[in-house]
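**Student:** Please read through the structure below; I'll follow up with questions.
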Amino acid sequence: DAVGFDNWRKAFEGLDRACPVLIENTAGGNHAMARHPEALERLWEAIGEYDPGFCVDTCHAWAGGMPLPEAVDIVRAITGRIDLVHANDSQGGFDSGRDRHANFGDGTIAVDALVECIRAADASVICETPFPGIKVDIELLRERIGP
């Protein structure tokens, strides 16, 4: 574990800071650096001084064991920010570790919880759900959250 966090730090030490770097939470791997809040805290301790951004993926949060919409508060408490949301339902159940996106309402995340999470994040949103249902998903977000 310590070697992994040190490697992240080394990677940030050599970065050209002209381009923002966003860290995204992950769904899989019990020892992943951005799945569980405890690991994310350790990662932020290692790289937070480099001011990385953070992207919350709703599928990854759910399948990684973070409830929605609470994932927003969990991440903000650790990182102090959310810069982007990847909006997805999840084929896998809560804490399944399964990183498979689904269209809204076709997965295991309640649509209301998904929408509330996206609204609470108050950040730019990229919808990554499967085609052709992505068109309906984007319309749902526009209707429920706004343009």
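**Student:** Report the residue count in the stretch 11-32 for those that are under 16 Å from ALA61 (Cβ atoms) and either in contact with a strand residue (DSSP E or B) (Cβ under 9 Å, 6 or more places away or on another chain) or surrounded by 11 or more Cβ atoms within 10 Å (Cβ to Cβ) (or both).
**Tutor:** 9
**Student:** Regarding the stretch 111-126, can at least one residue be identified that is open to solvent by 70 Å² or more (accessible area, probe 1.4 Å), hydroxyl-bearing (Ser, Thr, Tyr), under 30 Å from ALA77 (Cβ atoms) and not in a helix (DSSP H, G or I)?
**Tutor:** The answer is yes, given that some residue of the stretch 111-126 is open to solvent by 70 Å² or more (accessible area, probe 1.4 Å), hydroxyl-bearing (Ser, Thr, Tyr), under 30 Å from ALA77 (Cβ atoms) and not in a helix (DSSP H, G or I).
**Student:** Six or more apart or on different chains, Cβ atoms under 6 Å: show the pairs whose first residue is in the stretch 24-37 and closer than 18 Å to PRO67 by Cβ and in contact (Cβ under 8 Å) with a residue 24 or more places away in the chain and whose second is part of a helix (DSSP H, G or I) and open to solvent by less than 10 Å² (accessible area, probe 1.4 Å).
**Tutor:** ASN25/ALA61; ALA27/ALA63
**Student:** Output the number of the condition that ARG76 fails; it satisfies all remaining conditions of (1) open to solvent by less than 60 Å² (accessible area, probe 1.4 Å); (2) under 12 Å from the mean Cα position of the chain (by Cα); (3) not hydroxyl-bearing (Ser, Thr, Tyr).
**Tutor:** The single condition ARG76 does not satisfy is (1).
**Student:** Looking only at the stretch 51-66, count how many residues are open to solvent by 10 Å² or more (accessible area, probe 1.4 Å), free of Cβ contacts under 8 Å to residues at least 40 places away in the same chain and not acidic (Asp, Glu).
**Tutor:** Here is the first cut: in the stretch 51-66, the residues open to solvent by 10 Å² or more (accessible area, probe 1.4 Å) are 51, 60, 62, 65.
Of the ones still in play, those that are also free of Cβ contacts under 8 Å to residues at least 40 places away in the same chain are 51, 60, 65.
Filter once more, keeping what is not acidic (Asp, Glu): 60, 65.
The qualifying residues number 2.
The values are calculated or read from the model by the stated rules, or taken from the named source; none is laboratory data. Keep in mind that what you see is a predicted model, and the values were worked out from it rather than measured. So basically every Cβ, Gly included, is an ideal-geometry build from the backbone, and we count neighbours across all protein chains shown. Side chains are part of the model used for accessible areas, which takes the heavy atoms of the whole protein and leaves out ligands, DNA and RNA. Shrake-Rupley method; radii C 1.70, N 1.55, O 1.52, S 1.80 Å.
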